Every structure is written in C-alpha cells, then in structure tokens.
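The values are calculated or read from the model by the stated rules, or taken from the named source; none is laboratory data. For clarity, every value in this text was computed on a predicted model and none was experimentally measured. Because the Cβ atoms are built from the backbone with ideal geometry, glycine has one as well, and the counts that use them run over all protein chains shown. Accessible surface is based on the protein model in full, side chains and every heavy atom, while ligands, DNA and RNA are left aside. Shrake-Rupley method; radii C 1.70, N 1.55, O 1.52, S 1.80 Å.
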Amino acid sequence: MDVPVVNRSAGKSSRKFMSNKSGVPLATDLIADLAAASRILAAQGVVDGFGHVSLRHPAAPDRYLMARSLAPALVTPDDIIEYDLDSNAVNANGRSSFVERFIHGEIYKARPDIQSVVHSHSPSVIPFGLVGVPLQAMFHNAAFIAAGVPVFDIREKFGATDMLVGNREKGLALAAVMGEKDVVLMRAHGSVACGPTLQTAVFRAVYTEVNARIQHWTMALKDGAIMAALDADEGRLADAINQTAGMRAWELWRNRVRAEVNW
Ligand SMILES: [Zn+2]
C-alpha cells in the first residue's frame, strides 16, 4: 500500500520517496536528512565502501529506516527502506538489504531511548577493540565516551565466525554488551555509535573516530605520564551541551551535502 508522504519543505516538489508499509506518513526532509547522514559519514572518514546509519521511524517506534545495501557516499532518498525491528524489510521492492542490519533492529528493541544508530569500521577506533586499552574521552566533543565503552567479542558466544552481525541472535548479543552505553566496539571489526537523534548519532560516530586518533597521539606522547581524560561527571555535563551545540557541526556537514545534490 502506498501512502502519501508529508512535504514540509515549501516550494520543493512533493516527490514520494518510499512506499510506507507502516501506514504512517513520513516527511520528505527527514528521509533526505537520513540519506545526507550517509554522505556526511563518508565525507568525515567514518564510513567508506561499508557502514550504515539508521533512524527509528519517528511515528512508528517499532520500525526503522535505512538505505539499501549501497556505499554510503552514493545514498539518495530513493534508497531508503523501512524495516520492522526484526530487520525484515517491509518495502524493499527488489532492493537488497545490508547484511548487518540486525545491529540496528536489536539495539532499537533493547534501547527505547535511542533513535539513531551508526555502524562503521572507522580505522582509528579498531585498535581499541584489539588490545586491553580502554577508549577514553580525550576532549569535550567526545564527552559521551567518558561513560565507558564496552567491547563486543563475537567469538565469546559464537566461536569462529565471518565476524559479521548477520542475524538477530548476533545483534541481540551486541546490544546486550552495549547495555546502557552509547558506543560499543566490535573486536577486529568496527564500532557502533548511537544517539537520541540522527544528528547526535552522526556527531558521536564522527567524534568517536576523532577521539581515537587523539588518544593514539596522546598515548605516544605521554611516556608513562597519567592521561588526564574527562571523568564521568565531566563527560555527563559536556555531553548535555553537545546535544545542542553539536547542531552547528550538523548544519555545516548538511550544507555541504546540499551543495552537491538538490535534496
Ligand atoms: Zn560491519
């Protein structure tokens, strides 16, 4: 069943981006922002040919939205598919899905507070999932890290695998390790960053990568000295500011995408 979508962008075409099987109308600018988020993450070096970002359906919390299986820098609004929380596509119409979409569905089930999820293989983060050195918050933009970053080791429960979170069981195990945190590392694979908005999840994914880079530099420099990272209280206070202040970064990144495409 096709239902009309709401177009909040006055003066733009009322083009329909997707068939909405949840029956809840979707704003075209919201779908455009989700597609733009993929391109932003690619431009910021968080994703490359792989990785994905999703958004919980704002009016149907048992659904989420994510691009078809495609390199993030190529995503357009027409590529967005709606999924139920078991990660079954409801309007694929022949389009293929990401193998690791279960990361998103199982986190949305476990965490009603989370509205957006980013999965990436951003390179500076990966070493912290390989050795016993915890990722710490090096600066205020990465304040969310001060709450602690768990590491999901897929072999603990599943033995030798292809390393991909390719079914619901594996997604559930990842969400359980993540618990109440907003970032989780995946041993020898990548990481997941989440947030209460699309913009915050993108901000956190970008600054998880930047923070990891800074931590590498800091650890090379400190030569036995104590690393004066943000503590949990500082992290909580600074993260509250970032929820709104981070919108400045989003506006910058979103405008750069708008300069490339007409949505
Ligand atoms: Zn992956």
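With a sphere of radius 13 Å drawn around the Cβ of residue 162, what net charge do the other residues whose Cβ falls strictly inside it have (Lys, Arg +1; Asp, Glu -1)?
Cβ neighbours under 13 Å give a net charge of +1.
Determine the order of 157, 170 by accessible area, beginning with the largest, at a probe radius of 1.4 Å. Each step should come with its number before you reach the end.
Details: 157 135, 170 35 Å².
Result of the area sort, largest leading: 157, 170.
Under a straight-distance cross-link criterion of Cα-Cα below 16 Å, which aspartates and glutamates are reachable from residue 109, leaving out those fewer than 8 residues away in the same chain?
Of all the aspartates and glutamates, those that pass the test against residue 109 - Cα under 16 Å, at least 8 places apart if same chain - are 62, 82, 84, 86, 100, 169, 180, 182.
Could you please state how large a percent of the accessible area of the chain is carbon and sulfur, counting protein chains only and using a 1.4 Å probe? Kindly include the intermediate steps, with their values, before the conclusion.
Values: 6490 of 11700 Å².
Carbon and sulfur together cover 55 percent of it.
Roughly what % of DSSP beta bridges within the chain run antiparallel, to the nearest 5? Could the numbers behind the result be given before it?
On the way: 22 of 25 bridges.
Antiparallel bridges: around 90 percent, rounded to the nearest 5.
Could you give me the radius of gyration and the Dmax of the chain, taking only the C-alpha atoms into account and expressing both in angstrom?
Just the Cα atoms of the chain yield Rg and Dmax of 18.2, 63 Å.
Heavy atoms of the protein only, probe of 1.4 Å, neighbouring chains included. What is the accessible area of residue 78 in Å², nearest 10?
Spelled out: residue 78, probe radius 1.4 Å, area about 60 Å².
Any idea how far the Cα center of region 24-83 sits from the one of region 89-150, in Å?
Comparing the Cα centres of region 24-83 and region 89-150, I get a distance of 14 Å.
Before rounding to the nearest 500, sum -39500 (n - 2.57) across all DSSP H runs of length at least 4 in the chain and divide by the residue total; then give [θ] at 222 nm in deg cm²/dmol.
It lands at -11500 deg cm²/dmol.
Could you provide, to the nearest whole Å², the per residue accessible area of region 28-260 with probe 1.4 Å?
Accessible area per residue, region 28-260: 42 Å².
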